[in-house]
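The values are calculated or read from the model by the stated rules, or taken from the named source; none is laboratory data. Treat the numbers as computed from the prediction; the structure is a model and nothing was measured. Neighbour counts run over all protein chains shown; Cβ positions are idealised from the backbone, glycine included. Note: areas computed on protein heavy atoms with side chains; ligands, DNA, RNA excluded. Shrake-Rupley method; radii C 1.70, N 1.55, O 1.52, S 1.80 Å.
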Amino acid sequence: MTRSGTEPGTQGLEPVIGLEIHVQLRTRTKMFCACPVRFGAPPNSLVCPVCLGLPGALPVPNAHALELACRAAAALGCRVHADSRFDRKHYFYPDLPKGYQITQFSRPLATGGAVVFRTEGETRSVRVGRLHLEEDAGKSIHDRFRGATAIDLNRAGVPLIEIVTEPELRSPSEARAFLVRLKQLLEHYAGVSDCNMEEGSLRVDANFSLRPSGSDVAAAKSEIKNLNSFAFVASALEYECERQTRVRRAGEPLVSETRTWDPVRRETRPLRGKEEEFDYRYFPEPDLPPLLLSPAALERVQKAVTALPHEIEARLARTYGLPEEETARLAATPGRACYFESVVEGRDEAFARVAAHLILRDLAEERKRRRAPLREEDLVAAPSLRRVVELRLAGVLSSDTAARVLPLLVESEDQDVDRLIEKQRLAQVSDPESLGRWVQESVAAHPEEAARYAAGDRQLLDFFMGRVMQASGGRADPGKARELLREKLEG
Ligand code: ZN
Ligand code: MN
């Protein structure tokens with residue numbers, strides 16, 4: 001399923017998709033108490049009277065959580081409000097010891113943002129209705145003890161932001177592309193969360209309904225809860241699209257309901273119907289004053305996030321003519337984009353192409369090999385990489401030897417690229433004497449192949465080129481070597 005109305009199964013109907021995303025903020029302590037936030041600690045070891053909801057305990061808001069929430073709002077282009085409020089949302093659940101969650105309801109921290117992303121060759125902008133602060137609940141563990149549910153309250157009170165999009169997403173794959181961009185913004189541009197989905201730092205609820213194409217009539221809505229991978233989001237939405245289409249075509253009634261995704265059976269299942277929907281009885285949190293931000297604080301928020309990935313991608317494409325796949329990878333983090341731009345500053349498209357290749361292929365490999373979350377500039381300083389690109393373009397380095405210089409630069413104290421190349425004898429060799437010697441050796445060592453070449457098997461030229469490159473330690477100038485080889489084999 002990709003686009004509405006065009007699929008045979010959804011003729012005349014279009015999907016309407018909205019997302020609610022909960023993101024744990026990267027704070028040291030919880031939202032309203034001083035308990036540490038740490039994933040994987042022994043159960044119920046990170047708790048206190050406040051997050052256990054014991055009588056008489058009073059919440060104190062976490063200033064760092066507020067700062068991170070504001071930064072997230074800035075990255076999503078939201079307006080942060082000078083005056084927002086905390087409310088209580090009541091429901092009973094064993095992992096919610098207070099019997100209510102402190103959240104923001106009628107006056108959220110921020111509203112009116114948008115996320116710009118690329119999908120299927122198209123730029124899309126999807127509006128973010130609101131972003132508010134709240135606390136997480138504990139965790140119910142259903143699979144640890146047979147016939148019993150265990151409760152771990154370490155997560156109770158962990159700071160969250162909830163982000164709600166307008167129902168403007170048009171397909172499951174578009175929802176996924178949106179989420180990839182959102183994660184990038186929060187993790188790397190705002191830097192507010194590790195967004196680790198396996199550890200539950202980012203959880204998605206997805207709303208799905210179908211409506212006649214072009215109409216704005218709201219239809220029965222499925223809300224699929226707690227999706228903890230982007231693949232599950234896409235699969236669950238695809239399943240819902242098929243299911244709702246089937247039900248409608250059979251003329252059966254569709255009901256609004258909350259559903260859950262079963263990744264093993266690959267289907268959604270109803271959790272509860274609309275009539276069982278909780279009445280949360282929101283009311284203002286009496287233990288917390290209004291959340292007021294000074295004009296100076298609001299001004300700081302505006303400046304908290306200076307660059308956005310879609311702007312960087314567009315700039316790189318415009319300035320250096322790089323393909324979309326490369327601009328997206330270069331803008332993955334603002335640090336990488338900045339590194340790239342300082343390497344290629346003032347240079348032309350050819351220079352940028354080589355630099356992009358070295359960063360995205362060779363340096364990325366080196367990062368992977370070291371398995372540390374290293375940034376590019378920690379591996380090779382920008383001026384050194386610039387010199388590597390220059391030497392590559394001048395033909396002193398081949399693509400092979402250029403790649404070999406990078407790990408040497410990472411290891412070496414000496415960041416003088418020219419000296420390193422000299423010392424390691426990596427410079428490309430194009431003098432006819434050395435090339436002639438390698439060609440001579442290679443042909444002499446393989447008389448049988450040389451005879452087959454002479455008999456017309458011209459494809460063997462590549463075989464001999466391989467031998468020459470090997471003999472030269474990758475340093476032979478490939479163009480000149482090929483010329484000499486041909487002369488030798490044919491002459
Ligand atoms: Zn606590
Ligand atoms: Mn929530």
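General observations
- More than 29 Å apart - percent of Cα-Cα pairs taken over the chain: 63 percent
- For region 335-491, the alpha carbon positions stretch 56, 29, 27 Å along the principal axes, listed from largest to smallest.
- Calculated from backbone phi, Karplus (6.51, -1.76, 1.60) coupling profile of region 359-376 in Hz, x at Gly/Pro: 6, 7, 9, 6, 6, 5, 5, 5, 5, 5, 4, 8, 6, 9, x, 7, 8, 4
- Residue separation of Ala231 and Asp462 scaled by 0.36 nm, minus their Cα-Cα distance, works out to 78.9 nm of gained length.
- Net charge contributed by nearby residues that have their C-beta within less than 12 Å of Ser294 (K/R +1, D/E -1): -1
- Based on C-alpha pairs under 8 angstrom that are at least 6 apart in sequence, the chain has a relative contact order of 14 percent.
- Distance from the alpha carbon centroid of region 350-419 to that of region 93-143 works out to 41 angstrom.
- Probe 1.4 Å - accessible area at Asp378, Å² to nearest ten: 80 Å²
- Where Arg28, Arg315, Arg336 fall by accessible area, highest first, once all protein chains stay in place (1.4 Å): Arg28, Arg315, Arg336
- Amide H contacts under 5 Å for Ser193, placed H, 5+ residues apart: Arg26
- Once the chain from Asp216 to Arg146 is taken as fully extended at 0.36 nm per residue, the excess over their C-alpha distance is 20.4 nm.
- Candidates per GluC sites (Glu not before Pro) in region 369-443, loop by DSSP, up to 16 other Cβ within 10 Å: Glu413
- Between amide H atoms placed 1.01 Å from N, distances below 5 Å from Phe105 occur with Asp87, all of them 5 or more places distant or on a separate chain.
- FRET efficiency estimate (nearest 0.05) - Cβ-Cβ, Ser256 to Glu377, R0 30 angstrom: 0.05
- Linear extension gain, Val264 paired with Asp418, 0.36 nm per residue minus alpha-carbon span: 49.8 nm
- Atom-type composition of the exposed protein surface of the chain places 51 percent of the accessible area on carbon and sulfur (1.4 angstrom probe).
- Two-site label geometry, Glu490 and Glu441: point separation in nm, points 7 Å out along Cα→Cβ: 2.6 nm
- With each label modelled as a point 7 angstrom along the Cα→C-beta vector, the Phe39-Asp194 pair spans 0.5 nm.
- Amide proton proximity set for Val429, modelled H, under 5 Å, gap of 5+: Ala476, Asp477
- When you filter the chymotrypsin sites (Phe, Trp or Tyr not before Pro) in region 76-176 for DSSP loop state and at most 16 other Cβ atoms inside 10 Å of their Cβ, you are left with Tyr91, Phe92.
- Per-residue Karplus couplings for region 415-430, computed as 6.51 cos²θ - 1.76 cosθ + 1.60 with θ equal to phi - 60°, are listed in order as 9, 7, 4, 4, 5, 5, 5, 4, 5, 8, 6, 9, 4, 5, 9, 10 Hz, Gly and Pro entered as x.
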